[in-house]
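Here, each number is a calculation from the coordinates, and none is a lab measurement. From a predicted model like this one, the values you see are computed outputs, not experimental measurements. Neighbour counts are summed over all protein chains in view; Cβ atoms, including those assigned to glycine, are modelled from backbone coordinates with ideal geometry.
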Amino acid sequence: MIELPDLVAGALAAGTLSAFALGGGLARSRRRQNRQLAEIAALRTRLDGTARAFTAEVEHLATQRVPAAARQVAHPHLAVPGPLQPLTAGTPLGIALENAVLALQSEAAAQRTRIDAAAQAGMRGAVREIQAALYRLQDALRGLQQRYDDPELAQTLFRLDHENEQSLRRAQVAAVVCGAWVGLAREESHLVDAVTGGQARLAGYQRVQVHNHLEPGTALVSHAVEPVAVIVAELLDNALRHSAPDTDVVVSLEHVHHGVCVTVDDAGLGMTHDERERAQRLVAGDDPILLTDLGDPPRMGLAAIGRLTRQFDLSVDLSSASPYGGVRAVLRVDSHLLSRLDPADRPPAASAPRTTRTTRRTAPDRAAAPTPAHAYGTEAGAPEAPPGHREPQDDEGDGLPQRRRRTRTAAPAPAAAPARSPARRPEDAAAALGALQSGTAAARAAAGDPGDSPRPHAAADHTDRNNDIDHIDHIDDEGGAAR
Amino acid sequence: MTGRPAGRPLVPAYLSTGGVTRPSRPHLERLSVLARSGEPPPAGLPAAELALLDSLEGGSLAVVEAAALLRLPVSAVRVLAADLVDRDLVLARAPIPPAERYDPDLLKRVADGLRALKLRP
C-alpha cells in the first residue's frame, strides 16, 4: 500500500508541473498578444498619419501648387511652391505629384497658345479691314488736298490726313503683331523717304530732326520699304513718348560696313536694366508673340518691330544708352536690302532732308567696290565744289528746264553772286526787252531781207555754251524771266 | 520728268510745311510766277523749301507747276513760296492776267440790239 501515496504524489507532481507549464505558456501567449495589439495600434496610428499626410499633400497640390503652376505658364517669374513634406520629394508619391503639375503646365501652355492664336486671327481680320478702309480714306483726303487750296480747308485736310496716318499706323502695327503682312506694297524708294514717311505717322513729328548722311540715291528694295518705315515710326514713337515735349529726337542715317544704320536718340528718361532687356528680347523677335504678354492695353510697338526684324532680316538694337541721356535705338539695314536710285531721275520727296554728302562724288566708286572701312579720311580731303559752280550737262540740248541737284553749302562764296545778276526786277526785264526790240528793229532795218541772213546769235550762243558756264546761267535766267 | 514714282507717296504733304497751310502772304495765287532772286540759300532752310528753290533753278515756274514738280499740293507750295519770298530768296510776280474778256451776255445783248435795229428799218 505504499505504492498508492507514491503514485498519488507522483501524479500530483506531474499535475503541478504540467499546470506550471500550462500557466507559463498561457502567460507567454498573453504577452505576445499584448505586444501584437500594441503593434497593431502603432501601425494604425501610422497609417492614419500617412493618410492624413497624403490628404494634406493632395490638398496642398490642389489649392496651392496647381494654381501656381498654371499662373507660372503666363508669368514665368512666379515660383511654384514645393510639396508640404520635403521628404516626399524623391518618393514615388512625390514623383507622381510632380508629374501631375508638369502635365498641367504643358496642357495649359498649349491651350494658351491656341487661344492666343485664335485671338490674333480675329484681330488680324478686323484690323486688316480697318487698314484697307483707312488707305481708301487717305486716297480721298489726298485727292481733296490736290483739288482745293483754300488755306482753311487745306488746314483741315492736313490735320485729317495726319490723324489718318496715326490711325493707320496703329492698325498696321496691330496687324503686324497678329502675324499679318505689312499690308502695302511699295516700289523701290529712297531710304530717307522711308524714314521721313515713318516720321510723318506720329503725333509730335515736328520734334524729330533727321540728319541724312547717306550718299544720294541710297534706296531700299521694294519689299523692305514699308517695314523700315514701320520700324522707324515705332522707334520714334517710343522716343517721343518717353522724352520731354521740349526736347528733340535726333535721327541720323549713316553708312556702316554692312549697310546702313538708322540711329534714333532721345533725351528722355532712359530705360532700366530690366526694361532694356525685355525690350531687346522683344525686338529680337526670337520668342513667339502672345497678345496676353503685351499688357493691357497691349503695347505693340516693340513686338511689331520683333516680327518685322525676323521676317525681313533687319536688326534693331536697344542695348545702349543715348549720349543725350535717353535711349539709343539703332536699326541696321543690311546691304542685301539696299539698292540705288538715280536721284536726278527719281528725286526723294520734297520734304525729305537733304544729304550732307556732296552729289556724285563717290557714287560710281561705291557701285563698283565696297567702301573701305576707314574712308573718312578721304572725305575730309576731297575738294569741295564751289557753291555756285554747276557742272556742264551733256543732255542740256533738249530745251526743257532740267532739275539740277544743288548741294547744300553752309557758307557760299560771295564771289559767285555778281555773276548771277538779279535780272528779274521789272525795270531790268523791261530794259532787256527794250534792248532786244531795238536790236531786232535795227537789224531789220540794216538787212534788206532777214530770211537770207545767217544766224550769228545761235552760233555765238553755241560757242559760249562750251566756254563759259556762268554765262549759260545768265542766259537761263533771262530765258526764265522772259517766259 | 521720267520715272515718277507711281502709287501712294511715302511722305505725306503736311510734312513739307509742318502742317501749316496759311501762307504768310496771302496774295500768292495758283498762277503766280516764282523765280529765284539769286540770293544764296542760308543754312538750316527746311528741306521742302530747298527743294522748291532747286526746282526754280532751271527758270521761273508758276506755283502750280512747282507743285506738280514737287508732288505737293498747291496749298503747301504757297506756304513754302511765301516763306521764301519773306526771306528774299524768291521773287513772286502776280499772275499774268488773262486778257480782259467781254462778258458773253453783254455781247449777245449788243448783237441782239443790233439785229433788232437792223430789222426795224
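The figures follow:
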| read-out | value |
| --- | --- |
| Residue order, fewest to most surrounding Cβ atoms within 10 angstrom, among A:Glu234, A:Glu254 | A:Glu254, A:Glu234 |
| Sequence-separation-based contact order of the range A:185-378, relative, with Cα cut under 8 Å and 6+ spacing, percent | 28 percent |
| Centre separation in Å (Cα based) which lies between the range B:16-34 and the range A:234-249 | 30 Å |
| Neighbour-count ranking [beta-carbon atoms within 10 angstrom, fewest first] of A:Leu290, A:Leu47, B:Leu52 | A:Leu47, A:Leu290, B:Leu52 |
| Leading residue at positive end of dipole, the range A:14-163 (Cβ point charges), from A:Gly82, A:Ala42, A:Ile130 | A:Ala42 |
| Exposure rule at most 16 other beta-carbon atoms within 10 Å, DSSP loop GluC sites (Glu not before Pro): chain B longest free segment | B:30-99 |
| Residue-by-residue Karplus 3J(HN,Hα) for the range A:203-215, coefficients 6.51, -1.76, 1.60, Hz, glycine and proline x | 6, x, 5, 5, 7, 8, 10, 9, 10, 9, 10, 7, 5 |
| Test item: A:340-350 mean partner chain Cβ contacts at 10 Å | 6 |
| Computed [θ] at 222 nm, helices only, for chain B once each DSSP H run of length n ≥ 4 contributes -39500 (n - 2.57) | -12000 deg cm²/dmol |
| Peptide-level mean, for A:140-150, of C-beta atoms on other protein chains within 10 Å | 4 |
| Integer Hz, Karplus 6.51/-1.76/1.60 couplings in order for the range A:46-56, x for Gly and Pro | 5, 4, 4, x, 5, 4, 5, 5, 4, 4, 5 |
| Residue order, fewest to most beta carbons within 10 Å, for A:Val58, B:Val33 | A:Val58, B:Val33 |
| Average Cα contact separation per residue, the range B:14-119, under 8 Å, 6 or more apart, as relative contact order % | 38 percent |
| Order by protection proxy (mean Cβ within 10 Å, highest first), peptides A:153-161, A:70-78 | A:153-161, A:70-78 |
| Size of charge dipole - the range A:55-123 - debye, nearest 20, with Cβ of Lys, Arg +1 and Asp, Glu -1, no other charges | 180 debye |
| Estimated vicinal HN-Hα couplings, Hz - the range A:256-263 in sequence order (Karplus 6.51, -1.76, 1.60; Gly, Pro = x) | 10, 4, 9, x, 9, 10, 10, 9 |
